[in-house]
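Input: a single structure, listed below in structure tokens.
The values are calculated or read from the model by the stated rules, or taken from the named source; none is laboratory data. None of the values given here were measured: they were computed from a predicted structure. Here the Cβ is made from the backbone with ideal geometry for all residues, glycine too, and neighbour counts use every protein chain on show. Remember, those area values only see protein heavy atoms, side chains included, never the ligands or the DNA or RNA. Shrake-Rupley method; radii C 1.70, N 1.55, O 1.52, S 1.80 Å.
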Amino acid sequence: MSDGTSSAAPLDRLRVLDCATLFAGPLAATMLGDFGAEVIKVEHPHKPDPSRGHGPSKDGIGLWWKLLGRNKRTIALDLSRAEGRDVLLRLVAGADVVVENFRPGTLERWGLGWEELSAANPRLVLARVTGFGQFGPYAHRPGFGTLAEAMSGFAALTGEPDGPPTLPPFGLADSIAALSTAYAVMTALAGRERTGRGQVVDMAIIEPMLTVLGPHPVWYDQLGYVQPRTGNRSANNAPRNTYRTADGRWVAVSTSAQSVAERVLRLVGHPEFLAEPWFSTGAGRAAHAAELDEAVGGWIARHDREEVLRAFEEAQAAVAPVYDIRDVLADEQYRALGSITEVEDEELGTVAMQNVLFRLSETPGGIRWAGRGHGADTDEVLSGLGLTREQIDTLREAGVVR
């Protein structure tokens, strides 16, 4: 189990209110919590974060939430009620960051817009994570990561040339937006150190996805070039593909560097390609990808995966096995890095999950607990605000808290 503690972590004194649902906003808050921030997850008393029910469960316990909810205290509070609004404003007064992903205008309708939140705490950073941003013709549309994967150009690039556009089978756009939101929050906090004032982060999920796709706008602007779907092949270099081995397994080969491409073709017994004029550039090799795939794929198909990996390593050529999660858990490099860790959990005993995202030599992060039950910390958090037992019971009886 990762044993990093908040007292040793760089975000030790940061308080974050996670008022978002599903993935992009909550995952950004998780990343902050991994490095010591005190994260309070705020959920509706009767409609908890849907991520609690996404994917497989064990004994009725959602497993995705164990990852997404780690290092968070959870309270159940109805923000649409006046009493809930008042409680949130009291929490905001002592917070540094609020993360939310309601449709634009929802917080304002509840009397919890930027005007009210910043009045309660002028140093607050409000991170607003939506599909399309806070303004523009699409701002009020429901927005999910899948739509960003489609609209960014990612799906159009992904898949076989004669097949349909392909969407990823996991929350790719949400995850990239979460990374971007965590970065944006830290940038806003750095700005606060200079100005003394908080500010609003407007994160549209469609934008980080567009950014990571690279220079496509520049290519089109300057050349009118639109990259087509190429399957596993690259428009920039070759050979680059997945290849099946003699024992029915798969490996991936990349030759982004010229020297690596030369080593691969020597290894597979086709040094004659090196003398071809087109072989000297990535674009030239990409134009002859079919020939190179036949040479490389033919050699790999005659050898078992372990033989392929060993030969490529000896030749200092770039190759990797195609893993599923069973392979990841058994891999010696992931084990050396501690990429998967075991976390003690009050409901499931021990849970294996991804470790914190990166390692810091002086102020490491850590996982203190896995995702907790819906509203598990409501009484503790509210009593910390100064509410009495009678006041908390009154709110509970009224359905404002759980």
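Show me the helices (runs of 4 or more DSSP H) entirely contained within segment 276-361 in which 1 or more residues are open to solvent by less than 40 Å² (accessible area, probe 1.4 Å).
Because the criterion is at least 1 residues that are open to solvent by less than 40 Å² (accessible area, probe 1.4 Å), the helices (runs of 4 or more DSSP H) in segment 276-361 that meet it are 282-287, 289-301, 305-314, 325-330.
Pairs, please: C-beta under 7 Å, at least 6 apart or cross-chain, first residue in contact (Cβ under 8 Å) with a residue 12 or more places away in the chain and in segment 106-133, second among the hydroxyl-bearing types (Ser, Thr, Tyr) and surrounded by 15 or more Cβ atoms within 10 Å (Cβ to Cβ)?
As it stands, the answer is Leu124/Ser118; Ala127/Thr181; Val129/Thr181; Phe132/Tyr138, since those pairs meet every condition given.
I'd like the residue in segment 153-194 that is assigned to a helix (DSSP H, G or I) and charged (D, E, K, R) and, out of all such residues, is surrounded by the most Cβ atoms within 10 Å (Cβ to Cβ).
So the residue we want is Asp174.
From the list Gly375, Gly365, pick out the single residue that is under 26 Å from the mean Cα position of the chain (by Cα), among the small types (Gly, Ala, Ser), assigned to a loop (DSSP other than H, G, I, E, B) and closer than 16 Å to Val42 by Cβ.
The conditions single out Gly375.
For segment 212-231, name all the residues that are on the phi < 0 side of the Ramachandran plot and either open to solvent by less than 20 Å² (accessible area, probe 1.4 Å) or touching a residue at least 12 places away in the same chain (Cβ under 8 Å) (or both).
Correct list: Val212, Leu213, His216, Gln227, Pro228, Arg229, Thr230.
Looking at segment 326-363, which of its residues are in contact with a Pro (Cβ under 9 Å, 6 or more places away or on another chain) and under 16 Å from Thr30 (Cβ atoms)?
Val356
Residue pairs, Cβ under 7 Å, 6 or more apart or interchain, first in segment 375-394 and under 20 Å from Arg52 (Cβ atoms), second open to solvent by 50 Å² or more (accessible area, probe 1.4 Å). List them.
Note: pairs meeting the criteria are Gly375/Arg402; Thr378/Arg402.
Name the residue that is nearest to Ala320 (Cα to Cα), counting only residues in segment 242-256 that are open to solvent by 30 Å² or more (accessible area, probe 1.4 Å) and not in a loop (DSSP other than H, G, I, E, B).
Ranking the candidates gives Ala252 first.
Exactly one of these conditions fails for Gly159: (1) under 30 Å from Ala120 (Cα atoms); (2) out of contact with any helix residue (DSSP H, G or I) (no Cβ under 9 Å at 6 or more places or on another chain). Give me its number.
That leaves (1) as the condition not met.
For residues that are crowded, with 18+ Cβ neighbours inside 10 Å and either assigned to a loop (DSSP other than H, G, I, E, B) or not basic (Lys, Arg) (or both), tally how many sit in segment 119-152.
Count: 17.
Which of the numbered conditions does Ser259 fail, given that it passes all the others? Conditions: (1) more than 30 Å from Thr130 (Cα to Cα); (2) not in a helix (DSSP H, G or I).
(2)
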